[in-house]
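The values are calculated or read from the model by the stated rules, or taken from the named source; none is laboratory data. Since this is a predicted model, take the numbers as computed values, not measurements. In this analysis, Cβ positions are derived from the backbone assuming ideal geometry, glycine residues included, and neighbour counts consider all displayed protein chains.
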Amino acid sequence: MKKLIYLFAFLVFSACSNKEKQKEAQSFLDQYTKEYMRLSAAAAEAEWGANTKIVEGDSTNARLVERTGEAFAAFTGSSENIETAKKLLTEESDLTELQVKQLKKIIYIAADNPETVSDLVKQRIKAENAQTEKLFGFTFKIDNKEVSTNEIDAILKDEKDLAKRLKAWEASKEVGTGLKTGLVNLRELRNKTVQALDYKNYFEYQVSDYGLTTEEMMNLIQRLNKELRPLYRELHTYARYELAQKYGQAEVPDYLPAHWLPNRWAQDWSAMVTVEGMNTDSVLKTKSAEWIVKDGEDFYKSLGFPSLPASFWQKSSLYPLPANAGYKKNNHASAWHMDLQNDVRSLMSVEPNSEWHETSNHELGHIYYYMTYTNKDVPPLLREGANRAYHEAMGSLMGLASQQKPYLEAKGLIAPGSKTDEIRSLLKEALNYAVFIPFSAGTMTEFEKELYAGNLPPDKFNAKWWELAKKYQGIVPPAARGEEYCDAASKTHINDDAAQYYDYALSFITLFQLHDHIAKNILKQNPRATNYYGNKEVGNFLKEIMYPGASKDWNSVLKEKTGSELSAKPMLDYFEPLVQWLKTQNKGRKHTLSESV
């Protein structure tokens, strides 16, 4: 009897003790979160201004970004906050799971801005702002005439004259030359900053957000490249022969010259193919740019999501600047969660065409993810995707869904009953989704691993970039590109979203897994011909994934909702009919890519 009394007393004491510790932890979390939200919102507002109004020679925005960035860094990296979080985590078993996740997030955030190396943090913030200004303030020129990136992209998409294509491609790379010194400096500052909290390098730090080591992440993406290599190899051979014919070249090159492809980085070749009955440009060009974004909103609303807030339309920067604007803006589409609450915005340069139609649906995927996990059950510190790839997966999933034939027919963007070639439709999609994997999980990821973890010498930057592009993508430059160039730095993310481009590769694998489940288990439709529009069950499925944000483990979320862990199989199944068709088309043609990477 006495033992039972003692046991009961112990349990009561433990419960009370746990509650006290949880109360202590919550008090710290509440205070931290309040200041975190205030400072992050101020920093986001400053960065928004710096990205939407770039005036040559005016450093006002840059100074504001530096001040707000330094204030945010000083708070999140403060030794007091780090030590308090670490101390509370020594009694992790007494805290709630949600409290533990938030405390670990605080330490992760701190590693980017530790107070112990505050001078380094300030230098890094200043260097990042200078790099961003140089990147987005660059004036692109062809034959000494200023051109926009949209104009360069249009040439690479449509032009058949190889000389004109070469000029456009070379113009697109000029921006990298002036960014090399800044990239070298940023590599050093980023590495040293996170090393203060015991990360080996900045690449390892970014990967750790997935709960993986560098080795585990590289093994994962290598597996994806290996699984998708047979499909990519057939696409590469097909493209070499088709483009040689298009450009009137008698000799088919073993590797694809970069300027032959319809994208500055050879990451998307889908413009090579038009699908009869699927070209929406003829309809979309009669619409306004605003209609494109409104149509995206309509798609989400049909699934049961709410209207976008009025502030989205008031505060976003959605359309190209007028020629007489007197300033520039970031030309890379993005979505912003300004205050971790209800201020959501998008930065785009929407024009009425099929590419922007898909991009708008993609960016709104981010926006609706923000809106959905902004709820009472998800603390602000965990208002993120289940992992970073989930955010991209949601956007890309809706981009894919918005381009499928039944959906386009239902929306009136193609004529009902239009005859289409299903294989060519698959080919066009594969030239986007499958072609992207060797770039994102190969060239980009391997380069950044070498940059940060391998301390790649600056006089090897361009050589390494093209070595990887050849290995993974089968792409070569039009002519020798010496180390006076820095072609990697022409890619936005190398500069301002560093060491995490594998997010996009993992997002594509995730999106096909989600799409496969939606098509087969909810819509009961062929995954290659779906129409999500108006289906509230699809909307509920997506909301259930979005709602927890980062408060639940990403692996468990995927397995719970689809029944399996991350797998390339749904993506491979999706393109299986195309593989067989490509093998027939490529019969007798020379394959130059190895069967494995």
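Before we move on, is Glu484 acidic (Asp, Glu) and more than 21 Å from the chain's Cα centre (by Cα)? Taking the combined requirement at face value, the residue satisfies it. Checking the structure you have, find out if any residue of region 401-413 is in contact with a helix residue (DSSP H, G or I) (Cβ under 6 Å, 6 or more places away or on another chain) and closer than 30 Å to Val175 by Cα. No, there is no match, as no residue in region 401-413 is in contact with a helix residue (DSSP H, G or I) (Cβ under 6 Å, 6 or more places away or on another chain) and closer than 30 Å to Val175 by Cα. Can Glu297 be described as surrounded by 22 or more Cβ atoms within 10 Å (Cβ to Cβ) and closer than 29 Å to Lys552 by Cβ? Judged against the criteria, Glu297 is not a match. The condition (being β-branched (Val, Ile, Thr), in contact (Cβ under 8 Å) with a residue 60 or more places away in the chain and surrounded by fewer than 20 Cβ atoms within 10 Å (Cβ to Cβ)) is satisfied by just one residue among Ile152, Ile142: Ile152.
Of the numbered criteria (1) in a loop (DSSP other than H, G, I, E, B); (2) within 23 Å of the chain's Cα centre (by Cα); (3) under 17 Å from Asn342 (Cα atoms), the one Pro306 fails is (2). For region 80-101, the condition holds for at least one residue, the condition being that it is basic (Lys, Arg) and within 28 Å of the chain's Cα centre (by Cα).
This table checks each residue for (1) basic (Lys, Arg); (2) crowded, with 18+ Cβ neighbours inside 10 Å; (3) in contact with a helix residue (DSSP H, G or I) (Cβ under 8 Å, 6 or more places away or on another chain).
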{"position": "Ser27", "(1), (2), (3)": "no, no, no"}
{"position": "Thr33", "(1), (2), (3)": "no, no, yes"}
{"position": "Arg38", "(1), (2), (3)": "yes, no, no"}
{"position": "Gly77", "(1), (2), (3)": "no, yes, yes"}
{"position": "Phe136", "(1), (2), (3)": "no, yes, yes"}
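Please pick out the residue among Gln585, Gln580, Gln513 that is surrounded by fewer than 18 Cβ atoms within 10 Å (Cβ to Cβ), in contact with a helix residue (DSSP H, G or I) (Cβ under 7 Å, 6 or more places away or on another chain) and among the polar types (S, T, N, Q). Step through it out loud before you land on a result.
On the way: Gln580 fails: in contact with a helix residue (DSSP H, G or I) (Cβ under 7 Å, 6 or more places away or on another chain); Gln513 fails: surrounded by fewer than 18 Cβ atoms within 10 Å (Cβ to Cβ).
From the options Gln585, Gln580, Gln513, the qualifying one is Gln585.
Show the residue pairs that are 6+ apart or on different chains and have beta-carbon atoms under 6 Å apart, the first residue being within region 240-258 and within 16 Å of Glu159 (Cβ to Cβ), the second being part of a helix (DSSP H, G or I) and of a type in the set (Phe, Trp, Tyr). Here the result reads Leu243/Trp260, each pair linking region 240-258 to a residue that is part of a helix (DSSP H, G or I) and of a type in the set (Phe, Trp, Tyr). Glu227 meets each of the listed conditions (1) closer than 30 Å to Lys536 by Cα; (2) modelled with pLDDT under 95 apart from (1).
For region 314-329, filtered to residues that are surrounded by 14 or more Cβ atoms within 10 Å (Cβ to Cβ), touching an Asp or Glu at 6+ places or on another chain (Cβ under 9 Å) and not basic (Lys, Arg), the residue that is farthest from Ile292 (Cα to Cα) is Pro320.
The residues listed here are Ala434, Ala389, Ala430, Ala453; of these, the one that is in contact with a Ser or Thr (Cβ under 8 Å, 6 or more places away or on another chain) and crowded, with 21+ Cβ neighbours inside 10 Å is Ala389. The set of residues in region 174-213 that are within 21 Å of Ala568 (Cβ to Cβ) and buried (at least 19 other Cβ atoms within 10 Å of the Cβ) comprises Val207, Tyr210.
Meeting the requirement of 1 or more residues that are free of Cβ contacts under 8 Å to residues at least 24 places away in the same chain and not small (Gly, Ala, Ser), the helices (runs of 4 or more DSSP H) wholly within region 458-538 are 461-468.
Search region 339-355 for residues being more than 19 Å from Ala41 (Cα to Cα) and crowded, with 22+ Cβ neighbours inside 10 Å, and hand back the single one that is modelled with the lowest pLDDT. Ranking the candidates gives Ser354 first.
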